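Undergrad: Handing you a structure now.
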Amino acid sequence: MRIQTFLLSCALALVTLTAQAFERPFPDTVKRGVMTPANYPAIIIDEKTRTLSAGARIWNQDNMIEMPSALRGSEFAVNYTESDTGDIDRIWILTADEAKKTLPLVPVKPPVTKPAPLPAPVPTSK
């Protein structure tokens, strides 16, 4: 009976260690900044007042959802994404280890150029 309890304890400890080693995946379009909470829907990122989108989500260091009202009075290193309208739609509060890592460089797409127009037809004489 004691051996079973010991083995079960070891198995639970291993599961807990692997859960703590989970590395959060961030999208390619993520940006980094310092966030200071403000009155909803406003939020301050890098000393600029921004707006949270209607369905904005904020994940804490444990990858759990946080409500904006629970974050008062502190500055957090964050990764965030913007919606098509420029509002902030996803925020990840970074751990100390995540904040030390640099963001991967996203290759810049070359601008799309329009093809040159065809020359006007030259009239021919008959």
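The values are calculated or read from the model by the stated rules, or taken from the named source; none is laboratory data. Just so it is clear, the model here is predicted, and its values are computed rather than measured. Using ideal geometry, Cβ is built from the backbone for each residue, glycine included, and neighbour counts are taken over all protein chains shown.
Undergrad: Can you name the residue in segment 1-31 that is touching a Ser or Thr at 6+ places or on another chain (Cβ under 8 Å) and modelled with pLDDT under 90 and, of all such residues, is surrounded by the fewest Cβ atoms within 10 Å (Cβ to Cβ)?
TA: Here is the first cut: in segment 1-31, the residues touching a Ser or Thr at 6+ places or on another chain (Cβ under 8 Å) are 27, 29-31.
In the following step, the residues that additionally are modelled with pLDDT under 90 were identified as 27, 29.
Numbers: Pro27: 8, Thr29: 10.
Out of the qualifying residues, it is Pro27.
Undergrad: For segment 57-108, which residues satisfy the criterion of being in a loop (DSSP other than H, G, I, E, B) and small (Gly, Ala, Ser)? Walk me through it before giving the result.
TA: We begin by selecting, within segment 57-108, every residue in a loop (DSSP other than H, G, I, E, B); these are 60-64, 67, 72-75, 83-87, 94-95, 101-108.
Across segment 57-108, the qualifying residues are Gly73, Ser74, Ser83, Gly86.
Undergrad: Still on this model: Which one of these does Val34 not meet: (1) assigned to a loop (DSSP other than H, G, I, E, B); (2) surrounded by 10 or more Cβ atoms within 10 Å (Cβ to Cβ); (3) aliphatic (A, V, I, L, M)?
TA: (1)
Undergrad: Related question: Answer yes if at least one residue in segment 87-95 is in contact (Cβ under 8 Å) with a residue 12 or more places away in the chain, acidic (Asp, Glu) and farther than 25 Å from Phe22 by Cβ, and no otherwise.
TA: Initial filter on segment 87-95 (in contact (Cβ under 8 Å) with a residue 12 or more places away in the chain): 87-95.
Adding the requirement that they be acidic (Asp, Glu) leaves 87, 89.
From the residues that got through so far, the ones that are farther than 25 Å from Phe22 by Cβ too are 87.
Yes.
Undergrad: Is there a residue in segment 46-56 that is out of contact with any Gly (no Cβ under 9 Å at 6 or more places or on another chain), loosely packed, with under 15 Cβ neighbours inside 10 Å and not in a strand (DSSP E or B)?
TA: Within segment 46-56 (the criterion being out of contact with any Gly (no Cβ under 9 Å at 6 or more places or on another chain), loosely packed, with under 15 Cβ neighbours inside 10 Å and not in a strand (DSSP E or B)), the answer is yes, since at least one residue qualifies.
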